[in-house]
1. Using a label point 7 angstrom from Cα along Cα-to-C-beta, what distances in nm, from shortest up, separate B:ARG45 from the other copies?
2. What residues have an amide H closer than 5 Å to that of A:VAL130, excluding those fewer than 5 places away on the same chain, when H is modeled at 1.01 Å from N in the peptide plane?
3. Determine the shielding of peptide B:61-71 by partner chains: average, over its residues, the number of Cβ atoms on other chains within 10 angstrom of each Cβ.
4. Extension gain B:GLU32-B:ARG70, at 0.36 nm per residue separation less the Cα-Cα distance, in nm?
5. Just to check I understand the Karplus step: with θ = phi - 60° and J = 6.51 cos²θ - 1.76 cosθ + 1.60, what whole-Hz values come out for region B:61-77, glycine and proline as x?
6. Which cross-chain or sequence-distant (5 or more) residues have an amide H under 5 Å from the amide H of B:SER49, H modelled 1.01 Å from N in plane?
7. Quick one: check the C-alpha center-to-center distance for region B:84-131 versus region A:72-131, whole angstrom.
8. Average projected area of the Cα convex hull of the protein assembly as shown, in nm²?
Number of protein chains: 2
Amino acid sequence: MRIDHVGIAVPNLAQAIDRWKPLLGGPDSPPEELPSQRVRVAFVRAGESHIELLEPTAPDSPVGRFLASRGEGIHHLAFRVPSVDDALAGVVRRGDRVVDPTGRPGARGRRVGFAHPSAFGGVLVEFVEVP
Amino acid sequence: MRIDHVGIAVPNLAQAIDRWKPLLGGPDSPPEELPSQRVRVAFVRAGESHIELLEPTAPDSPVGRFLASRGEGIHHLAFRVPSVDDALAGVVRRGDRVVDPTGRPGARGRRVGFAHPSAFGGVLVEFVEVP
């Protein structure tokens, strides 16, 4: 199972893009706003995976609260799966919790879903459907 | 530049291996102890990358202090580079700080080196030399 991306919470997307550019180059495509999650995101390629830079558009959004409590840094780890619904159901079947009971629209037009951090020892795991 | 691995700090390596097994399978090889870093580590494959599970062998080790202050979770992000020394020198040349001025022996017999978290907006970045 591949790493789809590593999500990094940042207070300022433009500054974060500049910071990572010398190492990884610029984003694949222009930043995208996800109103449902109240974030603006940019994806920077790293081999078969990406780094997702996430800037909150509201302080009381999930990423805004993460920045306030933990500061800038790695926010989640996303894996590529053939079916988000099956991946989430597998977590529930093992007796663990999920944030999203089923897949929902995410960045780059993909279906995504989050397990609860308690399911993976404090790591917030996202599943990204790439059929 | 590929993601070599995502390092995850865990209080108990055996339990962490069990937790990730349903998603990713078991480790590539038996756990390895790194006395210089006071950790025991196990690498679990995820596509071209790995998840590195890190259990501290002492509470006042770097990973032990991370667990005490931040709890279980993602600890660092490692990229594969042709030369660790060149990668670290690049960080210094841009005016940023490094933890290791030059490469040193790391897990799996590889040369590794860490940038300072301030160099990448709070993300602890490791370089792993794969010539």
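1. In ascending order, 2.4 nm.
2. A:VAL81
3. Neighbouring Cβ atoms belonging to other protein chains average 1 per residue here.
4. 11.3 nm
5. The phi angles translate into 7, x, 6, x, 5, 4, 4, 5, 8, 10, x, 4, x, 5, 9, 7, 10 Hz.
6. When sequence neighbours closer than 5 places are left aside, the close amide H contacts are A:ILE3.
7. Their Cα centres are 30 Å away from one another.
8. Its Cα hull, projected and averaged over all orientations, spans 12.9 nm².
The values are calculated or read from the model by the stated rules, or taken from the named source; none is laboratory data. Note that the coordinates shown come from a computational prediction; the quantities given were computed from them, not determined experimentally. FYI the Cβ positions are ideal-geometry reconstructions off the backbone, even for glycines, and counts take in every protein chain you see. Note: accessible area is taken over every heavy atom of the protein model, side chains too, but ligands, DNA and RNA are not part of it. Shrake-Rupley method; radii C 1.70, N 1.55, O 1.52, S 1.80 Å.
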